[in-house]
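Have a look at the structure below, then the notes.
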Amino acid sequence: MCFPGDMRSQRKAATMAIITIARQMGSLGNEIATDVAQRLKYTLVDQAKLQEAAEAYGLLKSELEEVHEKRPTLVTRYLTMRHRAYLDMLQTIIYSYARQDDVVLLGRGATVLLSDVPSALHVNIFAPFERRVEVVMAEERLTRPLAEQLVRESDQDRAGYMKYLFDRDWMDPLLYDLMLNTGSVTRQHACDLIVEAAHAKELLEAHDRSLEILDHHILIRKVEEALLRAKQVNPRHISVAVTTSGVLKLSGIVNSEKEKLAAEAVVREVPGVKDVDNDLYVTIAPLDHLDFV
């Protein structure tokens, strides 16, 4: 929905613009995320929206399904570079959506990815196991044993996804600003609480700083993607950080002075990079290169 400039400015003056929602299967988290997005007139970035954006980046639907909120299989984990490239692309999309403002980001580790963004509100929606089983039974028309299996598998997959990618327990309350138990809080009340929290003055005041942080994240992702594409550079042991606006620092280990200079040359070609602090160390012992599958 489009807003005249003055109305949009007034709305921005009243609310912050980024909400992340993690949810358990059967907790009504998807429905509440939709309610919040409609109420605030935000864009809901769910699986369908991410898939649309990922396809625009050249990622196939089948490839996106490989990194769908679950711990990768052993075979997939052996294909580290390719699998990591898909995940990096999804994370770039999440940062880009967050940078646009006025978004509700559903799952995909957005809570952790945006943990250093001070104007983001992080929400976790959960419910008792039995309550979630009943919801899944009704929604999917399943028997109780099948619904119980589905809920358990979902819990394991989402926990594994967060552990594998971020080494975090996704149910850790310290990750969230607001945790809502829909076993005792209604869908309407949960929506009300999130919308009220989104109007917090502290979140609004951090808006400009948040945009700066997101710009840094996006720039780092662009640099990392460029290094992944560079055939003359093995990015496995290279770390990228922004020291000041537009100034990139490269640290880590490479095989040769030639590779060190090649990495710097690649980074300097990335739009938005103003300067490079090349602190890469040339090792004496050769590094084992990962195969690009």
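For the reader, a short list of remarks on this structure follows.
- From the list Val133, Val117, Val123, the lone residue that is touching a residue at least 12 places away in the same chain (Cβ under 8 Å), farther than 19 Å from Leu219 by Cβ and in contact with a strand residue (DSSP E or B) (Cβ under 9 Å, 6 or more places away or on another chain) is Val123.
- Tally of residues being assigned to a helix (DSSP H, G or I) and under 22 Å from Ala53 (Cα atoms) across the range 98-136: 7
- Test for Lys274: is it over 22 Å from the mean Cα position of the chain (by Cα), loosely packed, with under 14 Cβ neighbours inside 10 Å and within 24 Å of Ser115 (Cβ to Cβ): no
- In the range 282-293, the residue that is nearest to Glu225 (Cα to Cα) out of those that are assigned to a loop (DSSP other than H, G, I, E, B) and either modelled with pLDDT of 90 or more or within 28 Å of the chain's Cα centre (by Cα) (or both) is Phe292.
- Qualifying residue in the range 193-210 (condition: among the charged types (D, E, K, R), under 30 Å from Ala262 (Cα atoms), touching a residue at least 24 places away in the same chain (Cβ under 8 Å) and surrounded by fewer than 16 Cβ atoms within 10 Å (Cβ to Cβ)): no
- When we screen His207, His216 for residues that are under 21 Å from the mean Cα position of the chain (by Cα) and either among the hydroxyl-bearing types (Ser, Thr, Tyr) or at pLDDT 90 or above (or both), the only hit is His216.
- Of the criteria (1) touching a helix residue (DSSP H, G or I) at 6+ places or on another chain (Cβ under 6 Å); (2) closer than 29 Å to Gln156 by Cβ; (3) of a type outside the set (Lys, Arg), which one Asp169 fails: (1)
- Long-range neighbours under 6 Å by Cβ, at least six apart or interchain, first residue modelled with pLDDT of 85 or more within the range 79-102, second of a type in the set (Lys, Arg): Thr92/Arg221
The values are calculated or read from the model by the stated rules, or taken from the named source; none is laboratory data. Not measured: the values here are computed from a predicted model. All Cβ positions, even for glycine, are placed from backbone atoms using ideal geometry, and neighbour counts span all protein chains on display.
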